[in-house]
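As structure tokens, the structure follows; a few thoughts come after it.
The numbers here are math on the coordinates, done by the rules we state, and not lab data. The model shown is predicted, which means the values in this text are computed figures rather than measured ones. Every residue, glycine among them, receives a Cβ derived from its backbone with ideal geometry; neighbour counts consider all protein chains shown.
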2 protein chains.
Amino acid sequence: MGSDNYASEGLMKVAVDAVVFSIIKGDLNILLITRKYPPFKGQCAIPGGFVRKEESLEAAAKRELTEETGVKDIYLKQIGAYGDVNRDPRGRVISIAFLALISPDHDLKATSDALDAKWYPIDELPKLAFDHGAIIKHALQDLRFEIQTTNIAHQILPKRFTLTQLQQLYESVLGKRLDKRNFRRRVLEMGVLKETSETFMEGAHRPAKLYVFREQKYAPLKERLQVFV
Amino acid sequence: MGSDNYASEGLMKVAVDAVVFSIIKGDLNILLITRKYPPFKGQCAIPGGFVRKEESLEAAAKRELTEETGVKDIYLKQIGAYGDVNRDPRGRVISIAFLALISPDHDLKATSDALDAKWYPIDELPKLAFDHGAIIKHALQDLRFEIQTTNIAHQILPKRFTLTQLQQLYESVLGKRLDKRNFRRRVLEMGVLKETSETFMEGAHRPAKLYVFREQKYAPLKERLQVFV
DNA sequence: CCAAAAGTGTTGGTTTTACACCCATGG
DNA sequence: CCATGGGTGTAAAACCAACACTTTTGG
């Protein structure tokens, strides 16, 4: 960083935006709000807002997400900064984007801003405000990488889950079918899961064993789950 | 992004910083400047500075790099935003970091700011200003990934190069030795190189074939060069 | 003819893929 | 006893890691 004229240079608006993914009926969805004021009034956008002086970028993203959608207590991973000169018609705004993968049963409260937050399947996204279309595209690439290299899956699954649920999650995120036997063998050999003594029963068939993640916080995996994209 | 009180919120300083890598005598080096003014006067830092109203983040990083070090015309890859509240003692500054891999024979001009830019081997880095130590650590991880998944190597190599030069580059970046036969087989099978009819001769031994990258611009590779870290 | 780096294949072990049937349960 | 999804093993193919000698040149 230069030492030159600190006072005048570089002042601009800094925002954060969150691309929040979930799986609904087997399809990957994204949480969007509808803008009630210009610019892009009536169009959809990913939730976000301006960073305050005294909060970190991640804290700002969490706060805005809660304010606009009611979603809280989730892990956000930074995916990059978007800073094209004309990305916001109001003036120069730099946005730092984050991604998350959460359970769809977080309550989407009607918010103070009267923005309504809704889930949209990723292959039926509406036209998006700002450069949010590009941000989402990058976020999806990033998510496909994340799910194979970290335990981010634990954010979306119930504490205890079946291997079939886990596999369906991977299939939805990666957008392709996986072989049941190979998937189970690999995920178990990696040692990131722990078998519980409980089972899950639903419908007229054999009950499924329930598993938990060994690491309950977001953490990188030792090896990559070699499923690729 | 919220629609609320656009005028007042989110205003802060935005900077860019560039972690520029090169190989000097087989060792991975980083380009640092010495700060001539407070804060962190006399300490080393990665080159960077504030973003101007009318330039993109990448353009700002390129401009600052040229101003401070003389290095120009290089590809910069964004690696993330650093926004901790107290990362800059002057006040709130968000910094967007970039990385590059360049040839060491870019001239390091004595700059207008009288900052001198010098190369430092990565295992002999001085104490660094701001959070630049952390930024460099992330940049190195990122570089090790980049070199296996993109043709970023073409930035540092001469247009035509030998396979031995390419292999030494990989070894320096990854910090480990690679098997000559396996390396050559894989890199050729990937099809990112094109053999030329020329050879390179130096010293009393068999001349080496010269190769060029098929893609002359930064581009992701179809497959990953499976060397890992 | 010596030194030096360029160039080149094979083998054994490991990993990955593809693939089909039996099990436990509720109705 | 039927329908449903849970659970399991194996063989062939692909891939990866380890390894040493011949070639071409200049001095």
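Couple of notes before you dig in:
- Taking max minus min of the alpha-carbon positions on each principal axis, the protein assembly as shown gives extents of 78, 56, 37 Å, largest first.
- Residue exposure sequence - B:T196, A:T34 - by fewest surrounding Cβ within 10 Å: B:T196, A:T34
- The long axis of helix B:57-69 is offset from the longest Cα principal axis of chain B by roughly 80 degrees.
- Principal-axis tilt of helix A:163-174 within chain A, Cα atoms, nearest 10 degrees: 40
- Kirkwood hydrodynamic radius (C-alpha pairs) into Stokes-Einstein, segment A:85-147, 4 °C and 1.567 mPa s, D in µm²/s: 92
- Within the listed set A:A204, A:A59, A:A45, the Gaussian network model of chain A (springs between alpha-carbon atoms below 10 Å) gives the highest mean-square fluctuation for A:A204.
- Across segment A:116-199, the fraction of Cα-Cα pairs farther apart than 17 Å, rounded to a whole number, is 57%.
- Residues A:E223, B:E171 arranged by fewest to most Cβ contacts within 10 Å: A:E223, B:E171
- Within chain B: Cβ-based charge dipole about Cα centre, in debye rounded to nearest 20 (Lys, Arg +1; Asp, Glu -1): 700
- Here, segment A:152-213 yields an orientationally averaged convex hull projection of 4.5 nm² when only Cα atoms define the hull.
- Measuring from each Cβ of chain B to the axis carrying B onto A, the nearest residue and its distance in whole Å come out as B:A81, 2.
- Start at zero, step by 5 Å, and the Cα-Cα distances of segment A:13-149 spread as 2, 11, 21, 25, 24, 12, 4, 1, 0 percent across the bins.
- Peptide A:79-91 shows a mean partner chain C-beta count of 5 within 10 Å per residue C-beta.
- Ranked list, fewest to most other Cβ atoms within 10 Å of each Cβ, for B:S95, B:S103: B:S103, B:S95
- Between identical copies, the spacing of A:D179 label points, each set 7 Å from Cα toward the C-beta atom, reads 2.5 nm from nearest to farthest.
- Overall, segment A:152-213 carries a charge dipole of about 160 debye about its Cα centre when +1 sits on the Cβ of Lys and Arg and -1 on the Cβ of Asp and Glu, all other atoms neutral.
- Sorted from greatest to least, the principal axis extents spanned by the alpha carbons of segment A:41-104 come out as 34, 30, 20 Å.
- Sorted from nearest, the other copies put their B:T199 label points 7.2 nm away, the label point being 7 Å from Cα in the direction of Cβ.
- Between the beta carbons of B:H205 and B:R160, assuming R0 = 22 Å, the FRET efficiency works out to 0.75 to the nearest 0.05.
- Between 0 and 90°, nearest 10: helix B:132-149 axis offset from chain B longest Cα axis: 30
- Farthest positive-ward along segment B:13-149 dipole, Cα basis, beta-carbon charges - from B:S95, B:A59, B:I46: B:S95
- Computed label-point distance, nm, for sites A:E55 and B:R63 using a 7 Å Cα→Cβ extension: 3.1
- Total formal charge among the other residues, if their Cβ is under 10 angstrom from that of B:K53, Lys/Arg +1 and Asp/Glu -1: -1
- Legend: translational diffusion of chain B by Stokes-Einstein, Rh = Kirkwood radius over C-alpha pairs, 4 °C, 1.567 mPa s; D = 68 µm²/s.
- Qualifying GluC sites (Glu not before Pro) in segment A:1-91, where qualification requires a DSSP coil assignment and no more than 12 other C-beta atoms within 10 Å, comprise A:E54.
- Ascending list, in nanometres, of distances separating the A:V85 label from those of the other copies (7 Å, Cα toward Cβ): 3.5
- Farthest towards the positive end of the charge dipole of the protein assembly as shown, among the residues A:A129, B:Q78, A:N182, is the Cα of A:N182, using unit charges on the Cβ of Lys, Arg, Asp and Glu.
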